Amino acid sequence: MQRLPISSPKSSVVEFQFFSRGDRLTKRRSIEIEGLHHTHPIPNASQIGPFVMTGSITGKDPDNGQIPPGIEQQCANMFANIGRVIRAASGTPEDILKLTVWLKNLEDRKHVNPEWVRMFPDAGSRPARHTFHQPDLAGGVLVQCEFFAVVVGVTEP
C-alpha cells in the first residue's frame with residue numbers, strides 16, 4: 001500500500017491510500033449499468049483503485065433503452081445516470097472531481113444548470129465543469145457527459 005499525503009487549503013492533511021501490485025495500482029475493473037449499455041464493447045466506466053473515469057453518459061432511459069425527445073428529460077436522465085454510475089463504483093456525487101458536458105445546442109445549457117445544482121447543491125463543493133458545443137451528437141442525443149472521480153476509501157478487491 002502506498003500513501004500520498006495531500007495538504008488542503010485549510011491546513012489539514014488528506015491521505016489517499018493506493019493499493020498496488022508491484023509498481024501498478026490495483027487491476028482495472030469495468031463498470032456496467034443495466035439498461036445503459038453502449039452499442040460497442042465499451043463499459044460505462046472504468047476504475048483503477050480510487051480513480052473512476054466514464055465513457056459517455058447520455059439521457060438514455062435505462063428502463064426502456066430509449067433517448068427521450070426533449071432536452072429537459074434528457075438532462076434529468078443524464079444526471080440520474082451519473083448517480084447510477086458513481087454508486088456502482090462505490091462512490092457518491094461528492095467524489096466527482098470533474099464533469100465535462102457536450103450539448104448539441106449550447107443554448108440548452110439553461111436546462112443543464114438546474115440538474116447540476118440539484119446534484120451538487122453546495123456551491124463551495126462542486127466539481128469542475130466544462131461545457132462544449134457538439135452539433136454532431138447522434139441518435140437523438142441532445143446532451144452527454146463524462147466524469148472523473150476519486151472514490152476515497154476503496155479497498156482492494
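The values are calculated or read from the model by the stated rules, or taken from the named source; none is laboratory data. Because the structure is predicted, anything quoted here is derived from the model rather than measured. Methodologically, a virtual Cβ is constructed for each residue, glycine included, from the backbone with ideal geometry; neighbour enumeration extends over all protein chains shown.
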>> Under 6 Å between Cβ atoms, which residue pairs at least 6 apart in sequence (or on different chains) link something in segment 130-147 that is within 14 Å of P68 (Cβ to Cβ) with a partner that is in a loop (DSSP other than H, G, I, E, B) and among the hydrophobic types (A, V, I, L, M, F, W, C)?
In response: G140/I67; V141/I67
> Which one is surrounded by the fewest Cβ atoms within 10 Å (Cβ to Cβ), of the residues in segment 93-144 that are of a type in the set (S, T, N, Q) and part of a loop (DSSP other than H, G, I, E, B)?
Replying inline: S125
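Could you please let me know if A80 is among the hydrophobic types (A, V, I, L, M, F, W, C), touching a strand residue (DSSP E or B) at 6+ places or on another chain (Cβ under 8 Å), surrounded by fewer than 19 Cβ atoms within 10 Å (Cβ to Cβ) and at pLDDT 95 or above? Can you show your working first?
On the way: among the hydrophobic types (A, V, I, L, M, F, W, C): yes; touching a strand residue (DSSP E or B) at 6+ places or on another chain (Cβ under 8 Å): no; surrounded by fewer than 19 Cβ atoms within 10 Å (Cβ to Cβ): yes; at pLDDT 95 or above: yes.
Criteria not met by A80.
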>> I need a count of the residues in segment 32-62 that are modelled with pLDDT of 95 or more and either of a type in the set (A, V, I, L, M) or loosely packed, with under 13 Cβ neighbours inside 10 Å (or both).
In response: 4
